[in-house]
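Here the structure comes first, spelled out in structure tokens, and everything after it is commentary.
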Amino acid sequence: MPYIIRPLPSWAQSTVLNVTTYDKFLPQEFLDKFQKDSGIKVNVRLTDDQGKQYNLLAAEGANPSTDMVTVAGHRYSQFISSNLLQALDTGKIPNWKNLNPAYQNAPWARVDGKLWGLPILAGYEGLAVNTNYVKDPQSWDVMFDPQFKGLTSYIVSDFMTITMQYLGFDGDFVSYTDKPEEALKATNAARDHLIKHKDMVRKYYDAGSEVQQMFINEDIYLGHAWSGPAAKLIADGHPIKLSVPKEGTYGFCYTLNVVNNAPNAENAYKLLDAILATPDVGASMQRQSGFASTISGVPEVLTDIERAAGTLPQEQVERIVFFSPVNRDMKNEMIDKATAEVKAA
Amino acid sequence: MASNSTLVRGGAMPAVAAPAYSTRLPALFNSGLYQSTLGALVSNKTTRMVLLAAVPIVWIVMMHIGPIYQMLKISLLSNYPIQHGRAPTVTFANYAIFFSEPLYFMPLIRSFVYATSATAVTLLVVYPVAYYVAKIVQPDRRSKALLLLLVPFWAGELIRTFSIIMLLANRGALNVFLRDVGMIDRPIPLLYTPFSLGFGLVYLISLYMLLPLYSAIDKIPKHLLDAAADLGAGPFTRFRRIVLPLSRDGIVSGCSLVFLTSIGVFATPMLLGGPTTVLFPETISGFFHGASDKWPVGAAFAMIMLVSALTTAAIFMRIVGGKSTRLM
């Protein structure tokens, strides 16, 4: 990147913290209070894409322009293996005990025996439907039902893993380690299935706001959606229902991570501790993003409607499998190529 | 004027009474410091040209050629962003991927088809508008008419794209109107189709056609049209024999600008297009947003698009415009 348009490197300052995160993940009132209490000025840079964030961080190398990044579960191991993050020292976070115990030692959160980030919001890939037009679907099959031709939408790369699972393959590639032929066969089967049913799709989308807009405008009646944007629509009173079909789906967690060589790492720890201080912060994050907070006590702070928007029946919760950190390179390589093929077809 | 001429030649400023608008400049120009520095520089014609050209040249190099050169460099690397312990090698493999994978041809061909169609439609739609403003509207009202046409372009590309979404969505203004007047009982799927993409492209880039066309048509002497009418030429003959040939430069410039702009647009196809309208810029962006080490492939594809688009535009300009045609 030409120097003139390259972001300036972050300088070590006792009163500054540079955070890269998604829009609405860090509530403004929380940031205002944190800045006032700590005297640390928080500069928030928004991101909308994990790949873009990864590439920029990798390009900056030993001189990162940000102290903290927000990493999604499916990219977690990629950031770690590229040496872009530093392991988390929970001893520097007195309020660590306030993190929901289910997340304190989650298997996916530990890589090489170390914790690498603070889980802040959890979500899953669900089937969202407009209840005025689609009644209680039980299977991903409905996404390929001709009566909804031209009325579905999905993120191709995300739905590729769901389709693999729907067709009976391992969409997370965990069982394909050292078996590239099997993985390719499974990926190609999902790719061909999506190309064959391309006429079902109104639009391939990229951002959560796009699928929200399509549901509101009734351009689509059903679609694959992250739980956050869908739950937000439900909480806002739209006739949307989110479920996990019988074939199952994948869950993920967003973590706030301290960047390797971060100049203001100590300030980053102060922010992490402040996030965990009270359930109010977690509730506000859940309210704004739609994703479920990982902080203990948050459900008690939410209203009934907000709680219901993010709640699933127990049997559907059990169908969610968290993305694994295993065999990511093979998965990224094959899914990226198949995604390009589906779009180009 | 006399004192300005003297200044340009580098001589001393005459000791005349200071004009009312300035009392300090003559003293500055006569100062020894000025005479030995900037004054000495501007007294030389070549140096004067270099000084005047410096800002635009630096601008063009830094903002236009620099990023393209950087992209060319990345396209020849084996891996980028460069990470510790992974020194890249120079390779043409990223270009070879395009030619070895037939799947990438279709988005590029699609981009050319949409860009060509949008250019043709824009020309047909905008030409009468430009003619109307340049030749029919009274001269004292032309600037107001042009201003009215340009106002929408002051809003950004994204805002105008979202306005099209609000217009064409299933619950958008057009479908609601058609339903309210009883013409339809179910919404017509207009958005996320080839129609919405084409509509959006024509709307968003018509400015690039309007201005060159207006400029060319405005220069056509009115007495030529009057003379042709006196000699019995009808409106169509006057248009075909006089207006069209004399506005050729505007047509070539407008078409080239619209084609080159529409082939590279990114946000509009992403927001207005459907599953069958994925264009090449979206394919390229996939490499930059995907897993690591794909920047070189994305950069190579961007260079392929740049070269093919410029070649197409150059061929068009040479065939239609002749040797003397320039872009602006």
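Values in this text are rule-based calculations from the coordinates and carry no lab data. All figures in this text were calculated on a predicted structure; none of them were measured in a lab. As a convention, Cβ positions derive from the backbone with ideal geometry for all residues, glycine included, and neighbour counts pool all protein chains shown.
Quick look at the values:
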| quantity | calculated |
| --- | --- |
| Global size of region B:157-201 as Cα Rg and Dmax, reported in angstrom | 10.8, 33 |
| Dipole in debye (nearest 20) - region B:202-261, about Cα centre, beta carbon charges: Lys, Arg +1; Asp, Glu -1 | 120 |
| Spherically averaged projected area of region B:202-328 from its Cα convex hull (nm²) | 10.2 |
| DSSP beta bridges in the protein assembly as shown [antiparallel fraction, %, rounded to 5] | 60 |
| Inter-centroid distance (Cα atoms) of region A:109-182 relative to region B:131-178, Å | 42 |
| Number of partner chain Cβ atoms within 10 Å, mean per residue of B:164-174 | 3 |
| Within-10-Å neighbourhood charge of A:Lys24 [Cβ basis; K, R +1; D, E -1] | +1 |
| 37 °C / 0.692 mPa s Stokes-Einstein diffusion coefficient of region B:158-248, Kirkwood radius on C-alpha pairs, µm²/s | 198 |
| Partners for B:Lys135 among lysines (Cα-Cα distance below 21 Å; same-chain residues under 8 apart left out) | B:Lys144, B:Lys219, B:Lys222 |
| Alpha-carbon centroid distance for the pair region A:50-72 / region B:249-280, whole angstrom | 32 |
| Solution diffusion estimate, µm²/s, Stokes-Einstein, region A:12-153, Kirkwood Rh from C-alpha pairs, 37 °C, viscosity 0.692 mPa s | 179 |
| Per-residue Cβ neighbour rank within 10 angstrom, fewest leading, A:Asp145, B:Asp180, A:Asp48, A:Asp158 | B:Asp180, A:Asp48, A:Asp145, A:Asp158 |
| Net charge contributed by nearby residues that have their C-beta within less than 12 Å of A:Thr249 (K/R +1, D/E -1) | -3 |
| Highest-first arrangement of B:42-50, A:305-313, where packing means the average Cβ count within 10 Å | A:305-313, B:42-50 |
| Chain B: DSSP helices with Cα axial extent of at least 20 Å and average Kyte-Doolittle hydropathy no lower than 0.0 | B:45-60, B:105-131, B:194-218, B:248-264, B:295-316 |
| Computed magnitude of the charge dipole of the protein assembly as shown (debye, nearest 20; Cβ of K, R +1, Cβ of D, E -1) | 2940 |
| Stretch in chain B that is longest and holds no chymotrypsin sites (Phe, Trp or Tyr not before Pro) that DSSP places in a loop and that have at most 14 other beta carbons within 10 Å | B:93-265 |
| Square roots of five times the Cα gyration tensor eigenvalues for the protein assembly as shown, Å | 51, 36, 26 |
| Burial ordering of A:Leu256, B:Leu146, fewest other beta-carbon atoms within 10 Å first | B:Leu146, A:Leu256 |
| Taking N as its residue count, the alpha carbon Rg of chain A over 2.2 N^0.38 Å | 1.00 |
| Under 17 Å from A:Lys97, Cα to Cα: aspartates and glutamates that are on another chain or at least 8 residues apart | A:Asp89, A:Asp273, A:Asp280 |
| Phi to ³J(HN,Hα) by Karplus 6.51 cos²θ - 1.76 cosθ + 1.60 over region A:208-214, Hz, x for Gly, Pro | x, 5, 5, 5, 4, 4, 5 |
| Distance between region B:24-74 and region A:205-258 - C-alpha centres, whole angstrom | 55 |
| Alpha carbon convex hull of region A:79-227, volume per residue in cubic angstrom | 158 |
| Beta bridge orientation in chain A: antiparallel %, DSSP, nearest 5 | 60 |
| GNM flexibility winner over chain A from A:Lys179, A:Lys24, A:Lys241 (Cα, springs under 10 Å) | A:Lys179 |
| For region B:71-193, radius of gyration divided by Kirkwood radius, i.e. Rg to Rh on alpha-carbons | 1.18 |
| Reciprocal mean inverse distance between Cα atoms of chain B - Kirkwood radius, Å | 24.7 |
